[in-house]
Amino acid sequence: MHLNVETLALVDGGQALVLALMLWFGTRNGSNHAVKGLRLRAVALLVEACGDFVLAFDDKLSALAVLLFGNTFNLTAQALTIVALRMVLNRSLRWREALLLGVTGWLGVVYFSTAHPDYRVRVLWGSCIFVCNSLLNISALWGGCRKRDTRAQCLLLWTYILAIALLAWRNVSLWTLTAPPQSIGVPSAVNVIYVLLFGLQPLLASVGFLLLYNEILQRDLYDLARIDPLTGVINRLGLLEASQSMLARARAKRESIGVLLIDADHFKSINDRFGHDDGDRVLLELVANIRRMLRTSDRVGRVGGEEFLVLSPSVKEADLLALAERIRSAVERTSFSISGQSYALTVSIGAAIADAGEPDMMAARRRADAALYQAKRAGRNRVMLAAP
Ligand SMILES: Nc1nc2c(ncn2[C@@H]2O[C@H](COP(=O)(O)OP(=O)(O)OP(=O)(O)O)[C@@H](O)[C@H]2O)c(=O)[nH]1
């Protein structure tokens, strides 16, 4: 098989160009930071393609021009990829570190090409810079991989580890060969294997970026389906899922779950007096008040309108009533500020206990609903416990 470095570089450049166009035009929706990150990665691929084309047409340029332009494009693409990846992951961008590594890398290449020319040292220098860049990328991916909540981040992390391993192999080969090639353009086994495998790196990294993007879109959709956009707490679907998993745990531990149905009193009068926007702000403050009273294992969700449901695992009647009373009095003591005026809001709460033996939370929810109705009828601003 006859492969030459120029042909491989031409194929790599074409591939990077096509990938850049696919990333740029193939992504439109989704989280803003993720789309911006993908677009920046597309720009990095374009720059990378320029570097490949310089190598592909090296016979039309002087050796120094190939070296300087090729490395400028290559190092710029690496720096842009660091920032792009962090943009997609919504992490600190590390522009300065990326730029510093790029400039340092370029100055080193110039030094080892002109003032103190040594091909093997130059390759070693470039490899060290690439390893530093990759470590910055790996550090961005590491957290997600350790938490095991993302496969895309792990795949991308392995891509960078493999690229580092390939560079290590190239350097070891160059330092152990009796007659190492004196430039990347020289047709040698080391150069061909390196360009061939390293040429796959943009493809693998871009697939990793797309998988990351896909994961972010899926997470966004998951949240959209379960999070109430106004208050930020879970909605009915989220509550249903939370109650199912809580019930499964309660069954295993033979414990009961507390259910609180909380409804703002005379909320309509707030809307009528101040308008819906101020009413929304009061709902937000009400949710903040409820949240402050909860343990980390408790969940609060919006059932609809001005009605909220709290699920509190491992509680008995007395604990549940105490929690409900804390919420009721915290709301009563809060001075809700509406359009510069303070407003006193109260809540009525229906409480019920779900036994671990119950098939679902529906019956407990109905009991809490009946207790809430009693609290409203008894004059509001109170807690009522449902009969078991
Ligand atoms: N601002 C705002 N108001 C809402 C929202 N959802 C429901 N509401 C209002 O909440 C009010 C509920 O009114 P009612 O069901 O009559 O209850 P209430 O006035 O709180 O009276 P009681 O529950 O009997 O004490 C209605 O005016 C709804 O328009 C919302 O997302 N934002």
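Brief remarks on what is shown
- GLY185 over 27 Å from ALA49 (Cβ atoms) and not in a helix (DSSP H, G or I): no
- Residue match in the stretch 329-347 (condition: crowded, with 18+ Cβ neighbours inside 10 Å, free of Cβ contacts under 8 Å to residues at least 60 places away in the same chain, in a helix (DSSP H, G or I) and basic (Lys, Arg)): no
- Criterion (without any contact (Cβ under 8 Å) to a residue 12 or more places away in the chain and assigned by TED's automatic domain parsing to the domain that holds SER348) met by exactly one of SER269, SER256: SER269
- For the criterion of being buried (at least 20 other Cβ atoms within 10 Å of the Cβ) and among the charged types (D, E, K, R), ASP263 passes.
- Pairs with Cβ under 8 Å, 6+ apart, first in the stretch 60-82 and touching a residue at least 12 places away in the same chain (Cβ under 8 Å), second open to solvent by less than 60 Å² (accessible area, probe 1.4 Å) and among the basic types (Lys, Arg): LEU80/ARG41; THR81/ARG41
- Checked against (1) over 19 Å from ARG382 (Cα atoms); (2) part of a strand (DSSP E or B); (3) more than 11 Å from the ligand (Cβ to nearest atom), LEU247 passes all but a single condition, namely (2).
- Unmet requirement for ARG295, which otherwise passes all of (1) out of contact with any strand residue (DSSP E or B) (no Cβ under 6 Å at 6 or more places or on another chain); (2) closer than 22 Å to PRO388 by Cα; (3) outside any helix (DSSP H, G or I): (2)
- Candidates ILE270, ILE290, ILE262 - the one that is under 19 Å from SER329 (Cβ atoms) and in a helix (DSSP H, G or I): ILE290
- Of the residues screened, ASN271 is one that is within 16 Å of the ligand (Cβ to nearest atom) and either among the polar types (S, T, N, Q) or out of contact with any Phe, Trp or Tyr (no Cβ under 8 Å at 6 or more places or on another chain) (or both).
- Residue match in the stretch 62-77 (condition: more than 24 Å from ARG170 (Cα to Cα) and crowded, with 16+ Cβ neighbours inside 10 Å): no
- Among the residues of this structure, VAL310 does not count as one that is β-branched (Val, Ile, Thr), closer than 16 Å to LEU239 by Cα and either open to solvent by 10 Å² or more (accessible area, probe 1.4 Å) or part of a helix (DSSP H, G or I) (or both).
- Subset of the stretch 220-240 [surrounded by 14 or more Cβ atoms within 10 Å (Cβ to Cβ), more than 16 Å from the ligand (Cβ to nearest atom) and under 22 Å from the mean Cα position of the chain (by Cα)]: ASP220, ARG226, GLY238
- In the stretch 150-175, residue surrounded by the most Cβ atoms within 10 Å (Cβ to Cβ) [restricted to those that are closer than 17 Å to PRO202 by Cβ and of a type in the set (Phe, Trp, Tyr)]: TYR160
- Subset of the stretch 200-219 that is in contact (Cβ under 8 Å) with a residue 24 or more places away in the chain and among the polar types (S, T, N, Q) - its residue that is surrounded by the fewest Cβ atoms within 10 Å (Cβ to Cβ): ASN214
- Out of LEU40, LEU10, sole residue that is under 22 Å from LEU197 (Cβ atoms), open to solvent by 20 Å² or more (accessible area, probe 1.4 Å) and either in a helix (DSSP H, G or I) or touching a helix residue (DSSP H, G or I) at 6+ places or on another chain (Cβ under 6 Å) (or both): LEU10
- The set of residues in the stretch 374-388 being exposed (fewer than 13 other Cβ atoms within 10 Å of the Cβ) and either at pLDDT 95 or above or in contact with a Pro (Cβ under 6 Å, 6 or more places away or on another chain) (or both) consists of ARG377, ALA378, GLY379.
- Test: residue in the stretch 125-146 that is buried (at least 20 other Cβ atoms within 10 Å of the Cβ), charged (D, E, K, R) and either assigned by TED's automatic domain parsing to the domain that holds ASN90 or closer than 23 Å to LEU23 by Cβ (or both): no
- Scan of the stretch 276-303 for residues that are open to solvent by 10 Å² or more (accessible area, probe 1.4 Å) and within 8 Å of the ligand (Cβ to nearest atom), ordered by number: HIS276, ASP277, ASP278, ASP280
- Candidates ALA352, ALA363, ALA371: the one that is in a helix (DSSP H, G or I), in the same structural domain as PHE308 (by TED's automatic domain parsing), among the hydrophobic types (A, V, I, L, M, F, W, C) and buried (at least 16 other Cβ atoms within 10 Å of the Cβ) is ALA371.
The values are calculated or read from the model by the stated rules, or taken from the named source; none is laboratory data. Keep in mind the model is a prediction, meaning the values are calculated, not measured. FYI the Cβ positions are ideal-geometry reconstructions off the backbone, even for glycines, and counts take in every protein chain you see. With ligands, DNA and RNA removed, areas are computed over all heavy atoms of the protein, side chains included. Shrake-Rupley method; radii C 1.70, N 1.55, O 1.52, S 1.80 Å.
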